Amino acid sequence: MRIFSGIQPTGRKHLGNYIGAIRRYVEGQDQAAESIYCVVDLHATTVAYDPAELRERLYDTLAILVAAGLDPERCILFRQSDVSAHPELSWLLSSVTSWGDLNRMHQFKDKSAGQRELVSAGLFTYPVLMAADVLVHRATHVPVGDDQRQHIELMRDIAERFNARFGEVLVVPEGTYPPVGARIMDLQEPTRKMSTTGGTAEGTVYVLDPPKTIEKKIKRAVTDSDDPPVIRAGADKPGVTNLLEILAAARGITLAEAEASMADARGYGDLKAATAEAVIELLTPVRERYEELRPDERRLEEILAVGAEKAAASAAPVIADVREAMGVGRPR
Ligand code: TRP
């Protein structure tokens, strides 16, 4: 097993990102022969952005990943723009990518619809670069969120079409998704995913929120008006279910175990207190390590330099095989 995933350097990372992605990356380090994680700054340039801000957010994201437990000795952790094999393969793969398929991507439609700024060609070809990210390392497994299913399907099609036309050069990867139900919802609008862009500020817990803020947000979470209060999971109780899901994920127990642990609770206040405590316990060590790491940008650049070197070495033989198969460049 060879794991690859990419993470955007934009926005602040929230509890949903931590449980649904970052924590799974950390686990991947022990499950896979090789795990490769990339902060995708080239993808971030496809929408309006500020260059100085991009650098800051990249360091923030890297520091969160390291603080959460990604170990540059045990995984390859790098910045996308440091490894030119990624955009190079993206160009080469664009020749086996169907324009019609790109035109059907939900993410492109969502991000371009109603866009008042430039809709860039980069936004359109975003999924080709994403395919290149994974295929250039011959990764077998790609941990992502449910929102990336269509991109993963396209990536598989691209690899298959390449192999059918030029020979068996690329590995067709598989997406791995968070278990059903383990979706963290907005605390104020528990029928919507927790999200930096689409959610409510009060209903979103950030990885770097101080304990008092976490406690406040969870204590104000929407539950329901059942009287007497009923602490169980169910589609008719989205707020309570979300708190139980968060409690279970934070403690590393099942949903049923989380429900059972609340059997003696007197009301929703007890559920919120237990959930807040579990989340604070989960995130405090990450925040503390982040605060140590983030100011030392020179050290962060050293981590990235080591990662870039390893990622370039991993990509080089694949790029050589692709160029040879496609008949471009100097023959072997
Ligand atoms: N598109 C992904 C997201 O928005 C980020 C990403 C870029 C990625 N390249 C990738 C994810 C390669 C997995 C593999 O979340």
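The values are calculated or read from the model by the stated rules, or taken from the named source; none is laboratory data. Bear in mind the structure is a predicted one, so any value in this text is a computation, not a measurement. FYI the Cβ positions are ideal-geometry reconstructions off the backbone, even for glycines, and counts take in every protein chain you see. Areas reflect the complete protein model, heavy atoms only, side chains present, ligands, DNA and RNA absent. Shrake-Rupley method; radii C 1.70, N 1.55, O 1.52, S 1.80 Å.
For the criterion of being open to solvent by 20 Å² or more (accessible area, probe 1.4 Å), of a type outside the set (A, V, I, L, M) and within 15 Å of the ligand (Cβ to nearest atom), residue 127 fails. From (1) away from the ligand (no atom under 15 Å from the Cβ); (2) surrounded by fewer than 18 Cβ atoms within 10 Å (Cβ to Cβ), pick out the condition that doesn't hold for residue 59. Residue 59 satisfies all of (1) away from the ligand (no atom under 15 Å from the Cβ); (2) surrounded by fewer than 18 Cβ atoms within 10 Å (Cβ to Cβ) except (2).
Here residue 115 meets each of (1) within 14 Å of the ligand (Cβ to nearest atom); (2) open to solvent by 40 Å² or more (accessible area, probe 1.4 Å) with one exception, condition (1). Taking (1) within 16 Å of the ligand (Cβ to nearest atom); (2) in contact with a helix residue (DSSP H, G or I) (Cβ under 8 Å, 6 or more places away or on another chain) in turn, residue 149 satisfies each apart from (2). Does region 76-86 contain any residue that is within 15 Å of the ligand (Cβ to nearest atom), open to solvent by less than 30 Å² (accessible area, probe 1.4 Å) and of a type in the set (Lys, Arg)? Checking region 76-86: not a single residue is within 15 Å of the ligand (Cβ to nearest atom), open to solvent by less than 30 Å² (accessible area, probe 1.4 Å) and of a type in the set (Lys, Arg).
In the list 71, 60, which residue meets the criterion of being at negative phi, in contact with a strand residue (DSSP E or B) (Cβ under 9 Å, 6 or more places away or on another chain) and among the acidic types (Asp, Glu)? On inspection, the qualifying residue turns out to be 71.
The single residue among 189, 168, 202, 215 that is open to solvent by 30 Å² or more (accessible area, probe 1.4 Å), assigned by TED's automatic domain parsing to the domain that holds residue 86 and either more than 16 Å from the ligand (Cβ to nearest atom) or not small (Gly, Ala, Ser) (or both) turns out to be 168.
Determine if region 94-105 includes at least one residue that is within 13 Å of the ligand (Cβ to nearest atom), within 26 Å of residue 59 (Cα to Cα) and assigned by TED's automatic domain parsing to the domain that holds residue 55. No: region 94-105 contains no residue that is within 13 Å of the ligand (Cβ to nearest atom), within 26 Å of residue 59 (Cα to Cα) and assigned by TED's automatic domain parsing to the domain that holds residue 55. The requirement of being farther than 24 Å from residue 312 by Cβ and acidic (Asp, Glu) is satisfied by residue 157. At least 2 residues being in contact (Cβ under 8 Å) with a residue 40 or more places away in the chain and closer than 30 Å to residue 102 by Cβ is the threshold, and among the helices (runs of 4 or more DSSP H) wholly inside region 146-255 those reaching it are 149-166. Look at residue 139 and say whether it is free of Cβ contacts under 8 Å to residues at least 60 places away in the same chain and not charged (D, E, K, R). Here the answer is no, as residue 139 does not meet what is asked. No other residue among 276, 312 is in contact with a strand residue (DSSP E or B) (Cβ under 9 Å, 6 or more places away or on another chain), surrounded by 14 or more Cβ atoms within 10 Å (Cβ to Cβ) and in contact (Cβ under 8 Å) with a residue 40 or more places away in the chain apart from 312. Might you check whether a residue that is open to solvent by 70 Å² or more (accessible area, probe 1.4 Å) and farther than 18 Å from residue 22 by Cβ occurs anywhere in region 237-249? No, the conditions are met nowhere in region 237-249. Would you check if residue 140 is under 19 Å from the mean Cα position of the chain (by Cα) and away from the ligand (no atom under 11 Å from the Cβ)? Considered against the rule, which asks whether it is under 19 Å from the mean Cα position of the chain (by Cα) and away from the ligand (no atom under 11 Å from the Cβ), residue 140 comes out as yes.
So, of the residues in region 1-12 that are within 12 Å of the ligand (Cβ to nearest atom) and either of a type in the set (A, V, I, L, M, F, W, C) or within 21 Å of residue 180 (Cα to Cα) (or both), which turns out to be surrounded by the fewest Cβ atoms within 10 Å (Cβ to Cβ)? This residue is 7.
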